[in-house]
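Everything on this sheet refers to the single structure shown next.
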Amino acid sequence: MNWNTLLFGVFPYIALTLAVGVTAYRMVYRPFSVSAQSSQLLEQKRLFFGSTAMHWGLVLVLLGHLLALLLPKGLLLWNAVPVRLYLLEITGLGLGFWALVGTYVLLARRISVARVRAASTGMDYLVLVLILLSALSGVLTALFYRYGSFWFPAVMTPYLWSVLTLQPRPELLLDLPFWIKFHVFNFWLLVAVFPFSRLVHVITVPLGYLLRPWQIVVWVRKLAR
Amino acid sequence: MKVRAHVSMLFHLDKCIGCHTCSIACKNLWTDRKGAEYMWWNNVETRPGTGYPTGWEDQERFRGGWEYKDGHLDLRLHSRAQGLFRLFFNPALPSLDDYYEPYTFRYSDLFTSPEGEDQPTAIPISMITGEPMTPGAGPNWDDDLSGSPLYAANDPNLKGLDPEVQAQLSEIEGVVFQYLPRICNHCLNPACVAACPSGAIYKRAEDGVVLVNENKCKAWRMCVAACPYKKVYYNWATGKSEKCILCFPRLETGQAPACAHSCVGRIRYMGVLLYDADRIPEAAMVPDERLVESQLDIILDPFDPEVIAAARAEGLDEGWIKAAQNSPLYKFVKVWRLALPLHPEYRTLAMMFYVPPLSPVVATVEKALRASQGNGGLVRLDLPESNLDFELYDNLEKARMPVEYLANLFAAGKKELIVPILKKLLAVRLLKRQESLEGGVTEKALRVLADAGLTLEEAEAIYRLTTLPTLEERFVLPPYHREMAAEVWKDPLAAKGEAGFGYVQPPVRGE
Ligand code: SF4
Ligand code: SF4
């Protein structure tokens, strides 16, 4: 087994197993801990710039990746017209850059604001560093290996599907440049860290809020029955 | 009619001496922990003042409570979609500096300082960072209006007051203030519950206590902003929101909440109120001037056979119904109409009630009389005190604590709700003073009593419950029978010989 197989054929399964297994364990046995601790009480201004940029940047960029995973053909068809390709690439690059700046602001804030530092754990820093590297390598990839939206459907979509369908084909990545491989590996690393860090809060997105009644009344007595 | 019981507290503001014993009892019991140092689930404010957190009544800024517009009742904070959109940053959240940075002193310095010319001092350090700091604010920095007139001048409740009246409030030798102890109001229409995207906050149907499910709380902090009373706090160390729990573990074992139990002025009363849960929306959706009436309307008469039958149908047992009938709250709130909720215009239907203060009264009348008799300055009147009170009775608008101000606090600005209360309080005071000090009641006092709408028996009952109540009369607590509820959760016999019901996780934040 070579490094490529280890990193892109074996490690993804370790990461995914951890992500699913540990998250499930944490939800059932440690529900108190399934959340991301907010530090907005301690510092507001820099959080506003950092948090908004990082979250929305990441959410939208990830949605883009997801789209390429689910609708590779549609993406290629869209890109058939150059203007549309440029539009997509510029938007993606912009969002990636936005997320990168936001993450940097958050990391700098966590290190330099004494109150926030006092409320931070080692994992908080690690997560931010990993996201920063992810955004950085993503932006570099988009800049130097154009056009991602062209080759992603050809290389990454089959690779990701091969992993998800349990027939890994890590060799697809063998000849890719360093930064792209780095970006992919970093992603799997984030997946592995996910259940052990504040990243788990991703699963708590409260979409139920759109539907639930405004008021919640609980009968302790009836609940017990 | 859906009858439910509510365990409520009443604050008789005339009796509050502003000693903060309540706050300390609460702090010692519940918030003396890391991350909770800055929280005061019970706090006592000097009014006029800006309170704690500073300026909490400024809803333009903090966006708490509900807004009633075009037949709709909406959270001032957000719509559902906006709530999700603002998950990553909540623009209306107070920052720690709106409360204060908690501090302690480095006492070890007193022992470890090297020998020298000067006395060693314990320097103040932040309880968050541990670094030396200069304290510049606190939860009662403006206690008794000390230090600076700035706090009093910035009180939003002074809005609509005559500038002249406002100036009188802070006149030298005429300065006036009162105390306002506050806890969570365990509202009927709580904004904190409605604002929580995770649905982590709930109201207990049994007794109305509003609680945060700490396992479900995901640190979105919307409740902190949405509560118009700023009575949900965010614990920066555990990453969870926390609030006053009305000492439910004490209630369930037949004890009054710690703040009420320790109250030095004995200003606090606890009791059950029955209310109609079906009519809550209706009560919250009326114009400002009818809010108090509509809220009192859904509080039901516990002696009415129909109400009793409906209460039984909802599963309330005899013990609770009896507690509701003996409730001092019911007397103050519904029978005598002496108590009002704080800031009804927030439309959360606050269920803690306040008897507005009469005490800091006579000054402007006194002054006017003095002037009319050609006496200026500090000369005492030679009118007997009793006459002075009659003067005030007819001129309540001249009371030292302006009626408008009290109306802004307790009646959505409606003076007509405050005046009858003050009249009743004053009438009882006059009557009892004549009875016990002046050896007999005058015609005039009886006339005043009738004018205030009280009978002699009522006056006597108000007097007794105000000044001479025993502990059991102040706190009429319902029988919870939680031991039976526990039986349904777990088989107590299965845990016989063990130290408890199992393993409880320590409340530490996730990595
Ligand atoms: S006062 Fe208490 S129940 Fe009412 S909105 Fe605030 S936290 Fe919720
Ligand atoms: S303990 Fe009682 S008298 Fe003292 S401040 Fe609190 S409410 Fe007022």
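The values are calculated or read from the model by the stated rules, or taken from the named source; none is laboratory data. Since the model is a prediction, treat every value here as computed from it, not as a measurement. No Cβ is skipped: glycine too gets one built from the backbone with ideal geometry, and neighbour counts run over all protein chains shown. What goes into the accessible areas is simple: the full protein's heavy atoms, side chains included, and nothing from ligands, DNA or RNA. Shrake-Rupley method; radii C 1.70, N 1.55, O 1.52, S 1.80 Å.
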message = If A:Val81 satisfies all but one of (1) at pLDDT below 95; (2) open to solvent by 20 Å² or more (accessible area, probe 1.4 Å); (3) in contact with a helix residue (DSSP H, G or I) (Cβ under 8 Å, 6 or more places away or on another chain), what's the number of the condition it fails?
response = (3)
remark   = Going through segment B:138-183 in order, the residues found to be more than 16 Å from ligand 1 (Cβ to nearest atom), crowded, with 18+ Cβ neighbours inside 10 Å and assigned to a loop (DSSP other than H, G, I, E, B) are B:Pro139, B:Asn140, B:Trp141, B:Asp142, B:Asp155, B:Leu161, B:Val176, B:Phe177
key: Test: residue in segment B:59-75 that is within 16 Å of ligand 2 (Cβ to nearest atom) and touching a Ser or Thr at 6+ places or on another chain (Cβ under 7 Å)   = no
ask   = If you scan segment B:279-318, which residues turn out to be open to solvent by 30 Å² or more (accessible area, probe 1.4 Å) and small (Gly, Ala, Ser)?
value = B:Ala309, B:Ala313, B:Gly315
request  = With the condition kept exactly as written, say whether any residue in segment B:79-91 is over 27 Å from B:Ser170 (Cα atoms) and in contact with an Asp or Glu (Cβ under 8 Å, 6 or more places away or on another chain).
outcome  = no
inquiry  = Taking the criterion of being over 18 Å from the mean Cα position of the chain (by Cα) and assigned to a helix (DSSP H, G or I), would at least one residue in segment A:49-63 satisfy it?
reply    = yes
key: Residue under evaluation B:Gly83, criteria (1) over 27 Å from B:Ile267 (Cβ atoms); (2) away from every other protein chain (no Cβ under 14 Å); (3) surrounded by 22 or more Cβ atoms within 10 Å (Cβ to Cβ); (4) not β-branched (Val, Ile, Thr), criterion not met   = (2)
ask   = Does at least one position in segment B:74-92 carry a residue that is over 26 Å from B:Glu37 (Cα atoms), touching a Gly at 6+ places or on another chain (Cβ under 6 Å) and touching a residue at least 12 places away in the same chain (Cβ under 8 Å)?
value = yes
ask   = Which one of these does B:His12 not meet: (1) within 16 Å of ligand 2 (Cβ to nearest atom); (2) surrounded by fewer than 20 Cβ atoms within 10 Å (Cβ to Cβ); (3) on the phi < 0 side of the Ramachandran plot; (4) not aromatic (Phe, Trp, Tyr)?
value = (2)
ask   = Taking only pairs six or more apart or across chains, which ones have beta-carbon atoms under 7 Å, a first residue in segment B:429-456 that is under 20 Å from B:Asp14 (Cα atoms), and a second residue that is in a loop (DSSP other than H, G, I, E, B) and not aliphatic (A, V, I, L, M)?
value = B:Gln434/B:Gly440; B:Gln434/B:Thr442
note = Screening B:Gly254, B:Gly271 for residues that are outside any helix (DSSP H, G or I), touching a helix residue (DSSP H, G or I) at 6+ places or on another chain (Cβ under 9 Å), over 17 Å from B:Ile421 (Cα atoms) and not aliphatic (A, V, I, L, M) leaves only B:Gly271
inquiry  = I'd like to know if segment B:295-303 contains one or more residues that are over 21 Å from the mean Cα position of the chain (by Cα) and either more than 23 Å from B:Met9 (Cβ to Cβ) or outside any loop (DSSP other than H, G, I, E, B) (or both).
reply    = yes
inquiry  = Against the conditions (1) outside any helix (DSSP H, G or I); (2) closer than 10 Å to B:Val272 by Cβ, where does B:Leu338 fall short? Just the number, please.
reply    = (2)
ask   = Filtering segment A:103-126 down to residues that are at the interface with another protein chain (Cβ under 9 Å from one of its Cβ atoms) and not β-branched (Val, Ile, Thr), which residue is farthest from B:Glu101 (Cα to Cα)?
value = A:Met123
request  = Please work out if A:Tyr86 is within 11 Å of chain B (Cβ to nearest Cβ), at pLDDT below 95 and more than 30 Å from B:Asp98 (Cβ to Cβ).
outcome  = no
inquiry  = Can you report the number of residues in segment B:27-57 which are within 14 Å of another protein chain (Cβ to nearest Cβ), open to solvent by less than 20 Å² (accessible area, probe 1.4 Å) and away from ligand 1 (no atom under 16 Å from the Cβ)?
reply    = 2
remark   = Scanning segment B:50-85 residue by residue, those part of a loop (DSSP other than H, G, I, E, B), touching a helix residue (DSSP H, G or I) at 6+ places or on another chain (Cβ under 8 Å) and at negative phi turn out to be B:Thr50, B:Tyr52, B:Pro53, B:Thr54, B:Trp56, B:Glu57, B:Asp58, B:Gly64, B:Arg76, B:Leu77, B:His78
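Could you list, in sequence order, the residues of segment B:147-201 that are of a type in the set (S, T, N, Q) and more than 16 Å from ligand 2 (Cβ to nearest atom)?
Of the residues in segment B:147-201, the ones of a type in the set (S, T, N, Q) are B:148, B:154, B:157, B:166, B:168, B:170, B:178, B:185, B:189, B:198.
Of everything in segment B:147-201, those that are of a type in the set (S, T, N, Q) and more than 16 Å from ligand 2 (Cβ to nearest atom) turn out to be B:Ser148, B:Asn154, B:Asn157, B:Gln166, B:Gln168, B:Ser170, B:Asn189, B:Ser198.
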query = Taking segment B:193-219 as the search range and keeping residues that are at the interface with another protein chain (Cβ under 7 Å from one of its Cβ atoms) and touching a residue at least 60 places away in the same chain (Cβ under 8 Å), which one is most open to solvent (accessible area, probe 1.4 Å)?
reply = B:Glu214
request  = Return only the number of the condition from (1) surrounded by fewer than 21 Cβ atoms within 10 Å (Cβ to Cβ); (2) at pLDDT 95 or above; (3) closer than 15 Å to B:His343 by Cβ that B:Gly413 does not satisfy.
outcome  = (2)
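Name the residue, out of B:Val224, B:Val272, B:Val264, that is at the interface with chain A (Cβ under 10 Å from one of its Cβ atoms) and either away from ligand 2 (no atom under 16 Å from the Cβ) or modelled with pLDDT of 95 or more (or both). Before the answer, list the steps.
Details: B:Val272 fails: at the interface with chain A (Cβ under 10 Å from one of its Cβ atoms); B:Val264 fails: at the interface with chain A (Cβ under 10 Å from one of its Cβ atoms).
Just one listed residue meets the conditions, B:Val224.
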note = Listed by first then second residue, the pairs whose first member lies in segment B:462-488 and is facing chain A (nearest Cβ under 10 Å), whose partner is at pLDDT 85 or above and surrounded by 14 or more Cβ atoms within 10 Å (Cβ to Cβ), with beta carbons under 7 Å and at least 6 positions apart or on separate chains, are B:Tyr480/B:Leu251; B:Tyr480/B:Glu252; B:Arg482/B:Glu252
key: Where a residue in segment B:1-26 is away from every other protein chain (no Cβ under 14 Å) and farther than 27 Å from B:Ile421 by Cβ and its partner, wherever it lies, is within 16 Å of ligand 1 (Cβ to nearest atom) and assigned to a strand (DSSP E or B), with Cβ under 9 Å and at least six apart   = B:Cys26/B:Asn43
message = Just to be sure I understand the filter: pairs with C-beta atoms under 9 Å, separated by 6 or more residues or on different chains, first member in segment A:190-208 and more than 7 Å from chain B (Cβ to nearest Cβ) and open to solvent by 50 Å² or more (accessible area, probe 1.4 Å), second member among the aromatic types (Phe, Trp, Tyr) and part of a helix (DSSP H, G or I). Which pairs pass?
response = A:Val202/A:Phe194
